[in-house]
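Data first, discussion second: the structure below is written as structure tokens.
Bear in mind these aren't lab numbers, they're just calculated from the coordinates by the rules spelled out. What you see is a predicted model; the values in this text were computed from it and never measured.
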Amino acid sequence: MKTHASVKSAIIVTASTFLFTATAAAQERTAQVTVQEGSPPVVQTAPPVAQERETITEKGGPSTGMLASGAVVFGVSYGAAAIAGAASDTADDDELYLPFAGPWMALNNHDGTGSKVFLVTDGVFQALGGVLVINAFLNPQERTVTRTHTAEVHVAPAVSPEFLGLAATGRF
């Protein structure tokens, strides 16, 4: 009777030791235990667990870089035109308060080459800023996501009064 209890105790101690060492290594590799009569357990390393990769391209909202740069370009050029219109004493420069069309409308009211260069440059930059903002919505942001699915296998000893063996659980 005592021999039977000491064999059970030895099996439980051996199984517990194997459980703690196998659980630590289970995430990196799986282990197979072969027990031969009269010899200690032999651990054989199984090949690495297969990984599956999935790449997805998702489209989101407007392109934030294009939207921000368009807003800055338009804001600076329109702000310069509005300030010039406010600083001017001429009634014809009130057209500069109109976005996009204002610089082109005020072009006929100015004689100096410097004023015309300023108005054309300002009109081009206002249009460029508007095109960038519209283009940000026409070309939405894209994001590429790669997901890796790894199979997990856990091997642990299974001990009962009628059975001595291994139990394998996993997620695939």
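Based on every Cα atom in the stretch 58-143, Rg and the maximum pairwise Cα distance Dmax equal 15.4, 53 Å.
Could you give the length gained by full extension between residue 110 and residue 56, i.e. 0.36 nm per residue of separation minus their alpha carbon distance, to one decimal place?
Values: separation 54, 0.36 × 54 = 19.44 nm, distance 5.57 nm.
Here the segment from residue 110 to residue 56 would lengthen by 13.9 nm.
Whole-Hz Karplus values for the stretch 124-139 come out as 5, 5, 5, 5, 4, x, x, 5, 5, 5, 5, 5, 4, 7, 6, 10 Hz, taken residue by residue from phi with 6.51 cos²θ - 1.76 cosθ + 1.60 and θ = phi - 60°; glycine and proline positions read x. Proximity of backbone amide H atoms, modeled 1.01 Å from N, is registered between residue 154 and 169, 170 at under 5 Å, excluding neighbours fewer than 5 places apart on the same chain.
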